[in-house]
Amino acid sequence: MKTWGVSDSLKLYNIENWGDQYFSINPAGNLTVHPKRGEGLGIDLASVVEEIRAQGMGLPVLIRFQDIIRHRVVALNEAFRKSIAEFNYKGRYQGVYPIKVNQMREVVEEIVDAGRPYDFGLEAGSKAELTAVVAMNLSPDSLIICNGYKDYAFLKTALMSLKVGKRVIIVIERLTELYQILAIAKEIGVTPLIGMRTKLSTKGSGKWESSGGENAKFGLTTPELLHAINVLRQEGLQDSFKLLHFHIGSQITNIKTIKEAVKEGTRVYSKLRQMGLNIEFIDVGGGLGVDYDGSRTSFESSSINYSLAEYVSAVVYSISEICQSEEVPEPNIVSESGRAIVAHHSCLVVNVFGSNEVGATPFSLEETPEEDDVVKEMRYLSQNLSPKNVLEHFHDALQRKEEALSMFKLGFLSLEDKARVEHIFWQICKVIHKNATGLKYVPDEVEALNKHLADVYLCNFSLFQSIPDHWAIQHLFPIAPIHRLDEEPSRAATLVDITCDSDGKVNKFIDLRDIRDTLTLHTLKQNEPYYLGFFLMGAYQDIMGDLHNLFGRVNEVHVFLDETEPGGYYIEEVIKGNNIAGVLSWIQYSATDLEKRVKDQIDSKVREGAIKPKEGVELLSFYESVLYGYTYVDFEKQPRSMQTPDSRDGLPGTQIEKQNIIPNNNNSQILN
């Protein structure tokens with residue numbers, strides 16, 4: 001019999017595909033991170049988590065591997081350099097990072113530092129983002145691109161930055177912005193650098209395809225573009241028009257769409273050059289995607305059917321082809337790739353603190369002479385299952401279950417008999433599903449049992465805070481255990497978070513061919529933690545989380561490679577997640593006021609003699625410790641007296657031992 005190995009886990013969780021050589025598994029069965037993409041032994045993620053816990057930090061925790069960011073910046077720029085040399089392209093590449101994808105200071109600063117040799121710049125889409133961007137220590141030739149709707153303060157900040165040597169290009173999204181730019185430029189005495197965003201007829205592909213095309217939210221129509229050019233000529237500022245911009249959406253799934261958009265945009269650029277406009281840059285916008293499921297297909301938002309090298313070649317070649325046919329100079333190329341730079345660098349690690357098994361019961365359901373006939377009929381079905389009558393017995397069992405529910409509603413069935421029917425029904429379903437796996441043809445109804453019979457693993461995180469795109473737009477992220485990967489997992493599971501919202505669950509998972517309804521996980525062990533990692537989390541998730549149930553931001557650590565350190569890494573920075581007092585302050589609660597209110601109530605009860613003074617002090621002290629504690633659950637600090645039999649003496653990750661209560665003599669097939 002073949003034993004389970006790490007190669008089996010690599011295949012099961014598809015790590016080699018979505019991991020893109022940044023993630024693997026070591027011989028100990030722990031998931032490893034390779035910030036230099038396949039080079040070196042890799043950082044043991046489970047070891048990082050244990051070090052974090054040893055420092056007193058609780059889970060969930062967001063772990064950033066800053067070296068991955070650097071590697072991605074270099075990879076993007078070097079890919080363009082290689083392609084430009086290959087096609088003998090006359091322009092250069094000057095990319096910018098759109099900070100809306102992840103505005104965290106440490107992330108932006110890492111990108112700026114890694115991109116300085118390439119004159120890599122930044123993009124701001126709001127006034128707040130611009131105030132951060134203009135303060136960054138960019139190289140003198142780096143570009144700052146200003147997109148989005150702009151008010152007076154936004155435009156003046158951008159134009160004033162020209163005076164301190166920043167190369168700020170303001171992209172006009174609507175005509176009114178042009179008139180404002182010209183007025184403010186005269187007011188402060190600068191010559192503006194202007195870009196214009198044109199609407200293409202080409203639309204994107206994937207979930208964000210509607211953000212491009214002729215009905216796009218941003219950009220100028222062709223008549224508006226020509227009018228803007230006439231205005232600049234009238235003001236003698238036609239040479240201020242430095243950049244033509246277009247964008248067809250995020251996470252473009254199909255390389256064909258990218259080629260079509262670049263060719264159309266370059267055609268517009270060429271015609272403008274033929275009109276005598278000295279445009280230096282063509283900005284192809286964002287859209288460079290990430291292969292979240294590793295399938296290398298054009299499947300919705302979870303994959304892309306191209307590589308980084310193929311994307312870059314498509315952009316460079318398409319621009320070159322059109323420019324040569326139109327006999328115009330090849331422009332410098334700008335792209336606003338954000339997702340492809342930061343997605344891989346961070347992962348969320350959560351602890352599983354329990355599980356619910358469908359059909360399990362701690363209540364004795366042995367056969368009794370008094371039980372109703374519907375229970376006896378359900379027992380008969382359970383004793384006579386065979387591969388030949390799978391579908392028939394499933395329909396019969398479903399009918400008996402519905403009959404029992406109707407009888408209970410009418411008052412003809414006891415609560416105990418209702419429990420017996422439900423328990424036997426789910427045990428029958430388990431056997432039917434197990435037996436059906438060997439059949440040549442599995443009926444759809446039986447196949448669908450997989451998701452209904454899945455265990456529910458209880459995870460210590462908030463979906464709405466940490467993975468909002470999964471909830472909002474059904475975006476899929478790779479999920480896998482970070483340890484025990486040398487053991488064979490045996491449980492089909494879905495995941496739920498600790499919010500009180502029924503939508504706080506993950507029941508769709510990546511797969512090479514389709515979307516899976518369950519994730520195969522290990523059985524939880526008594527007194528042992530079980531950790532899951534949510535990967536490719538660096539784009540958008542950090543900044544888009546909300547305060548559902550007031551859980552707030554999670555603990556965060558920054559990890560760097562260092563071969564001289566034990567494990568080949570060191571933790572450079574620890575950023576504590578929100579405490580309860582902090583998140584309450586965001587919604588106008590004062591911690592000091594809350595403490596005073598609780599103290600007043602305790603003092604009142606002390607005066608009444610309802611509680612003793614010492615007890616009152618202890619109550620207030622405990623309230624304060626909770627108020628300034630981590631917002632997420634912590635079962636490790638739970639008193640022994642409050643622990644359930646299944647979790648006593650255990651760490652988060654213990655599981656209730658389930659029992660099949662149906663007697664062996666009557667239901668031997670169900671217990672097989």
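Every number here is computed from the coordinates shown, using simple stated rules; none is lab data. From a predicted model like this one, the values you see are computed outputs, not experimental measurements. Using ideal geometry, Cβ is built from the backbone for each residue, glycine included, and neighbour counts are taken over all protein chains shown.
Values as computed for the structure displayed
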item	result
Packing-based exposure ordering (other Cβ within 10 Å, fewest first) of Y306, Y589	Y589, Y306
Computed FRET value (nearest 0.05) for D562 with L620, which takes r as the C-beta separation and R₀ as 45 Å	0.50
Estimated FRET transfer efficiency (D514, Q21; beta-carbon r; R0 25 Å; 0.05)	0.50
Computed magnitude of the charge dipole of the chain (debye, nearest 20; Cβ of K, R +1, Cβ of D, E -1)	1660 debye
P(r) of the chain over all Cα-Cα pairs, binned every 10 Å from zero, in whole percent	3, 13, 20, 20, 17, 13, 8, 4, 1, 0
Spatially proximal lysines relative to K271 (Cα-Cα < 27 Å; intrachain offsets below 8 disregarded)	K90, K199, K203, K217, K242, K256, K259, K263
Quarter of the Cα convex hull surface for the range 245-341, i.e. its orientation-mean projected area (nm²)	5.6 nm²
Computed over the range 103-197, Kirkwood Rh from alpha-carbon pairs, angstrom	13.4 Å
Folded to 0 to 90 degrees: helix 105-115 orientation relative to the chain principal axis, Cα	50 degrees
Projected-area average for the range 503-620 over all orientations - Cα convex hull basis, square nanometres	14.3 nm²
Residue-count net charge about L348 - beta-carbon cut-off 14 Å; Lys, Arg +1, Asp, Glu -1	-2
Chain lengthening between K409 and K36 when straightened (0.36 nm per residue, less Cα-Cα)	128.0 nm
With Cα atoms, 0 to 90° folded angle of helix 255-274 axis to the chain main axis	20 degrees
Residue order, fewest to most beta carbons within 10 Å, for W586, W426, W18	W586, W426, W18
Antiparallel content of DSSP bridges confined to the chain, in %, to 5	50 percent
Between the range 15-62 and the range 558-617, the alpha-carbon center distance in angstrom	30 Å
For the range 556-569, Karplus couplings with θ = phi - 60° (6.51, -1.76, 1.60), whole Hz, Gly/Pro x	9, 9, 10, 10, 10, 5, 6, 5, 7, 8, x, x, x, 7
Translational diffusion of the range 1-127, µm² s⁻¹ [Kirkwood Rh, Cα pairs; Stokes-Einstein; 4 °C; 1.567 mPa s]	74 µm²/s
Residue exposure sequence - I473, I482 - by fewest surrounding Cβ within 10 Å	I473, I482
Net +/- balance of residues flanking V496 in space, Cβ distance below 15 Å, scoring K and R +1, D and E -1	-2
Semi-axis lengths (Å, descending) of the ellipsoid that matches the C-alpha gyration tensor of the range 427-513	27, 16, 14
Length-normalised contact order for the chain - Cα pairs under 8 Å, 6+ apart - percent	16 percent
0 to 90° range, to nearest 10: angle between helix 308-326 axis and the chain longest Cα axis	30 degrees
